[in-house]
Amino acid sequence: MPDAALTIEPFSPSADPAALADLRARLRATRWPDAPEDAGWSLGTDLDELRALVAHWADGFDWRAQEAELARLPRYRARLGGLGIHFVHARAAASAGPALPLVLCHGWPDSFWRYQKVVPLLTDPAAHGADPADAFDVVVPDMPGYGYSDRPAGAPLASPAVAGLWAELMAGLGYPRFGAAGGDIGSHVSRYLALDHPDRVVAVHRMDGGLPVFTGDRAQLTAEERAWFDEVGAWGAAEGAYGAIHRTKPQTAAFGLTDSPVGLAAWIVEKMRAWSDCDGDIGRSFTKDEILTNVTLYWLTGTIGSSMRMYHANGALPVEQLTRRVDVPSGFSLFHGDILRPPRAWLERMTNVVRVTEPPRGGHFAPFEEPELYAQEVRDFFRPYRTAR
């Protein structure tokens with residue numbers, strides 16, 4: 001039974017009509033920047049493509065329909081660490097076998113939205129052509145300062161603290177043992193669940209190995225690892241400006257991004273395009289309505305600033321935290337279109353690796369881009385650990 005100390009309340013938000021009217025007014029009053037001819041995406045978000053998206057946002061996008069679609073997931077709020085935390089809690093279908101509890105950890109720039117499509121595939125595999133014995137009880141929390149979870153009033157929480165909240169949440173839901181999975185910052189949170197709660201996490205599945213931190217002599221690394229370090233450095237120089245801002249001066253950017261929905265969309269959409277497996281055509285990975293649902297969640301909850309501040313908190317973690325080795329059995333699905341895919345040698349250096357796969361499709365947002373493929377990866381990985389719950 002759930003811990004009596006955890007008070008859980010059903011949650012089904014409905015946006016204030018005045019907030020939606022204000023959003024449309026702001027979109028229609030946008031003061032657009034200029035852009036060099038044929039700049040495309042080379043300098044950041046493409047002006048013409050964003051104009052088209054914003055026109056749909058102002059006059060074609062139906063937030064109420066998207067709100068209703070999100071409400072199909074069973075959603076709740078609970079107090080954890082003094083914060084109201086929003087989470088999906090979807091139990092396995094009654095026809096399924098014994099379910100493995102699984103906490104799914106999202107990243108940036110998203111929220112529980114990342115796992116919207118995959119939850120039914122994991123809770124009721126038989127309805128989707130898979131083995132009913134692979135069913136999960138799925139929990140998808142919004143991190144503090146993201147989505148419908150509270151924004152910390154004081155210092156932002158780093159990944160180890162969020163992992164502690166998720167361990168408390170799973171205990172309060174009646175799950176003494178569970179699996180953990182995530183990508184992006186959610187991979188970081190999943191890692192700390194395994195590091196700090198190894199007696200409770202049966203196994204951990206991640207989509208990436210995180211940014212490399214190595215305090216020894218680089219000569220001790222394999223040639224493949226050294227090449228990857230160089231790749232990470234080159235990527236950071238070309239693509240990492242957003243992360244440097246998030247880590248150092250997130251509040252400065254938050255003023256503009258919280259005031260301008262178009263600025264917010266530009267900040268998020270550029271990453272959705274660059275990090276997905278779309279070969280430069282974002283429409284291959286997301287519909288306009290899917291993009292705008294993610295962006296509108298940030299707009300209506302006012303969480304872009306608080307979400308960015310988590311980078312600042314993580315940037316202050318001591319190196320000793322970043323170099324700890326995970327002993328809990330770990331699996332990695334390195335999707336074809338994701339960024340900075342680490343070599344197996346690095347994963348084995350930092351974790352107790354039991355499985356590494358390279359799915360042929362999908363990118364950084366694979367649970368949303370390729371939900372069937374992601375669900376199969378998760379089912380396959382956790383199958384040997386179901387008896388450990």
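One table, with the values for the structure above:
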| item | result |
| --- | --- |
| The range 146-168, residues that are surrounded by 24 or more Cβ atoms within 10 Å (Cβ to Cβ) and within 16 Å of GLY82 (Cα to Cα) | TYR146, SER149, VAL162, ALA163, TRP166 |
| Residues that are at pLDDT 95 or above and either polar (S, T, N, Q) or over 19 Å from the mean Cα position of the chain (by Cα) (or both), drawn from the range 202-220 | VAL202 |
| Qualifying residues in the range 204-230 (those that are buried (at least 24 other Cβ atoms within 10 Å of the Cβ) and touching a Pro at 6+ places or on another chain (Cβ under 8 Å)) - the one nearest to GLY337 (Cα to Cα) | GLY209 |
| THR293 out of contact with any strand residue (DSSP E or B) (no Cβ under 6 Å at 6 or more places or on another chain) and under 18 Å from LEU23 (Cβ atoms) | yes |
| Tally, over the range 17-42, of residues that are within 26 Å of the chain's Cα centre (by Cα) and either of a type in the set (Asp, Glu) or farther than 23 Å from THR287 by Cα (or both) | 1 |
| Criterion (in contact with a His (Cβ under 9 Å, 6 or more places away or on another chain), not in a loop (DSSP other than H, G, I, E, B) and not aliphatic (A, V, I, L, M)) met by exactly one of GLY164, GLY147 | GLY164 |
| Qualifying helices (runs of 4 or more DSSP H) (wholly inside the range 331-389; at least 3 residues being over 24 Å from VAL119 (Cβ atoms)) | 344-350 |
| Residue identified as part of a strand (DSSP E or B), within 23 Å of the chain's Cα centre (by Cα) and crowded, with 17+ Cβ neighbours inside 10 Å among ALA92, ALA78 | ALA78 |
| Residue in the range 281-289 that is surrounded by fewer than 18 Cβ atoms within 10 Å (Cβ to Cβ), of a type in the set (Val, Ile, Thr) and within 19 Å of the chain's Cα centre (by Cα) present | yes |
| Residue that is in contact (Cβ under 8 Å) with a residue 24 or more places away in the chain and either in contact with a His (Cβ under 9 Å, 6 or more places away or on another chain) or part of a helix (DSSP H, G or I) (or both), where the choices are THR252, THR293 | THR293 |
| One residue from GLY362, GLY337, GLY305 being within 17 Å of the chain's Cα centre (by Cα) and on the phi > 0 side of the Ramachandran plot | GLY362 |
| Residues being at pLDDT below 95 and either not in a loop (DSSP other than H, G, I, E, B) or not acidic (Asp, Glu) (or both) - total across the range 15-54 | 0 |
| Looking only at the range 169-180, and only at residues there that are of a type in the set (Gly, Ala, Ser) and over 21 Å from PHE332 (Cα atoms), the one that is surrounded by the fewest Cβ atoms within 10 Å (Cβ to Cβ) | GLY174 |
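The values are calculated or read from the model by the stated rules, or taken from the named source; none is laboratory data. All of these numbers come straight from a predicted model, not from anything done at the bench. So basically every Cβ, Gly included, is an ideal-geometry build from the backbone, and we count neighbours across all protein chains shown.
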